[in-house]
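J.: Please find one structure pasted underneath; my questions will follow.
The values are calculated or read from the model by the stated rules, or taken from the named source; none is laboratory data. Fair warning: this is a prediction, and the values are worked out from it, not measured in the lab. Cβ atoms come from the backbone with ideal geometry, glycine included; neighbour counts cover every protein chain shown. We work out accessible area using only protein heavy atoms, side chains counted, and drop any ligands, DNA or RNA first. Shrake-Rupley method; radii C 1.70, N 1.55, O 1.52, S 1.80 Å.
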Amino acid sequence: MKFRGKIIDIACLNHFTRVITTISKLTKTCVLRLTPDHLYFVLSGKVANGGVSMWCELSQVNFFDEYQMEGVSSEDNEICLEVTPENLSRALKTVQNAKAVKVKLTKKHCPCLTVAAELPTLSSVSRVVTHDVPVDVIPRRLWNEFKEPDMPDFDVSIYLPPLKTMKNVVDRMKNLSNFLVMEANLSGEMNLKIDTDLVSVTTHFRDLGNPPWGEDSSQDGGPSQSRDPEAMAEARVDIRKLQQFLMGQQVNPSKAMCNIVHHGVVHLILLHEDVSLQYFIPAVA
């Protein structure tokens, strides 16, 4: 197993750091899947993390100037590592003005992702700063747990309002209840609702638009064309999980969408030109 990548472009380094920082806000640990063309950060929905799951996909060619990897075998040309994204984010933040940053899989006292940065100096002597981020190598027999999640058979898909606006609303609502109802329809309307014995609060969003999922969307996981456009699909979720998702965003997506399985799951999708992030929050009774 071998992996090494090199980033020279400062904009790519900053963008890569923002992605890792976003992931570090969503989970304490996750799995980094390395393939010849992509990097994936994966959190599978276990009860221990509240059933939340995440899938973040990066195309390596958009970040790395050099990229080499050899997987476990020629048939299974992948490497799966359990990482603590906050440690990786911290290491990358300290080398933001580097001339070049290398990331490679090394064996120190334990397996590590070693971040080595060549920093600018006034003299002819180069200065290299190295960070070792411990990782665990995940054996091949467990890889099936970290495959791309299926697109849920959702009832409604809708574009999200500006994430900053949504975050401000959710931050205020968190003081009123531990749970929030997200509901939306196929007419571009979305409501965020709190309903307790003491207070009922609803924030309405209009004219958000609904993503086109093909002519007969029911064939590819999209909502059925026969669904009443005014009918709301809703899911009651842990408000802290939604707040965590909104607090961590540093990716500046070009599109942000939400799919709702009625009383089932909220599936949030952020799309950037070279990053896609999916986040699944299960509904609670």
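J.: Counting Lys +1, Arg +1, Asp -1, Glu -1, what net charge surrounds Ile239 among other residues with beta carbon under 13 Å of its beta carbon?
T.: Here the charged neighbours net out to +4.
J.: Counting only heavy atoms of protein chains, what accessible area per residue, in Å², does the chain have with a probe of 1.4 Å?
T.: Heavy-atom accessible area per residue stands at 49 Å².
J.: I'd like the Karplus ³J(HN,Hα) series for region 143-150: coefficients 6.51, -1.76, 1.60, θ = phi - 60°, whole numbers in Hz, and an x wherever there's a Gly or Pro.
T.: After applying 6.51 cos²θ - 1.76 cosθ + 1.60, I find 4, 4, 6, 10, 8, 4, x, 5 Hz.
J.: Per residue of region 163-170, in order, report the coupling 6.51 cos²θ - 1.76 cosθ + 1.60 (Karplus, θ = phi - 60°) as ³J(HN,Hα) in whole Hz, putting x for Gly and Pro.
T.: Values per residue, Gly and Pro as x: 4, 5, 4, 4, 4, 4, 5, 5 Hz.
J.: Separate question: Only Cα pairs within less than 10 Å get springs; with that Gaussian network setup on the chain, which residue of Ser44, Ser53, Ser124 has the largest fluctuation?
T.: Of Ser44, Ser53, Ser124, the Gaussian network model singles out Ser124 as fluctuating most.
J.: If you work out Kirkwood radius over Cα pairs in Å from the coordinates, which of (1) 21.5; (2) 19.9; (3) 20.5 do you get?
T.: It is the value labelled (3).
J.: Moving on. Could you give each residue of region 6-22 its phi-based ³J(HN,Hα) in whole Hz, using Karplus coefficients 6.51, -1.76, 1.60 with θ = phi - 60°, and x for Gly or Pro?
T.: Residue by residue, region 6-22 yields 9, 10, 10, 5, 5, 5, 5, 5, 5, 5, 4, 5, 5, 5, 5, 5, 4 Hz.
J.: Ok, one more. If I ignore ligands, DNA and RNA and count only protein heavy atoms, how much of Arg90 is accessible to a 1.4 Å probe, in Å² to the nearest 10?
T.: Here the residue's solvent-accessible area equals roughly 130 Å².
J.: Here's something else I'd like to know. Probe radius 1.4 Å, ligands and nucleic acids left out: which of Glu78, Glu86 has the largest accessible area, and how do the rest follow?
T.: Glu86, Glu78
J.: Same structure again: Please list Ser200, Ser89 from largest to smallest accessible area, probe radius 1.4 Å, with all protein chains kept in place.
T.: Largest to smallest exposure gives the sequence Ser200, Ser89.
J.: Which log10 I(q)/I(0) values, to two decimals, does region 1-117 give at q = 0.19 Å⁻¹ under the Debye formula with one point per Cα?
T.: Debye curve over Cα of region 1-117, log10 I(q)/I(0) at q = 0.19 Å⁻¹: -1.07.
J.: Give me the accessible area of Glu148, 1.4 Å probe, in Å² rounded to the nearest 10.
T.: Solvent-accessible area, nearest 10 Å²: 100 Å².
J.: Now a separate question. Please report, as a whole percent, how much of the solvent-accessible surface of the chain comes from carbon and sulfur atoms (probe radius 1.4 Å).
T.: Its accessible area is 48 percent carbon and sulfur atoms.
J.: I would also like to ask the following. Using only the heavy atoms of the protein chains and a 1.4 Å probe, how would Met166, Met247, Met151 rank by accessible area, largest first?
T.: The most accessible residue leads, giving Met247, Met151, Met166.
J.: Still on this structure, please answer the following. Spin-label point model (7 Å from Cα, Cβ direction): what's the Lys255 to Asp76 distance in nm?
T.: Each label point lies 7 Å from its Cα, and together they span 3.4 nm.
J.: To continue, here is another question. Using protein chains only and a probe of 1.4 angstrom, how many square angstrom of Leu105 are accessible, to the nearest 10?
T.: Leu105 has an accessible surface of roughly 40 Å² with all protein chains in place.
J.: When a/c is below 1.5 the answer is rounded, else prolate if a/b is larger than b/c, else oblate, so apply that to region 74-167 with a ≥ b ≥ c taken from the square roots of the Cα gyration tensor eigenvalues.
T.: Judged from the Cα gyration tensor, region 74-167 comes out oblate (a/c at least 1.5, b/c at or above a/b).
J.: Cut-off 10 angstrom, C-alpha nodes, Gaussian network model of the chain. Which of Asp238, Asp150, Asp136 fluctuates the most?
T.: Of the options given, Asp150 has the highest mean-square fluctuation.
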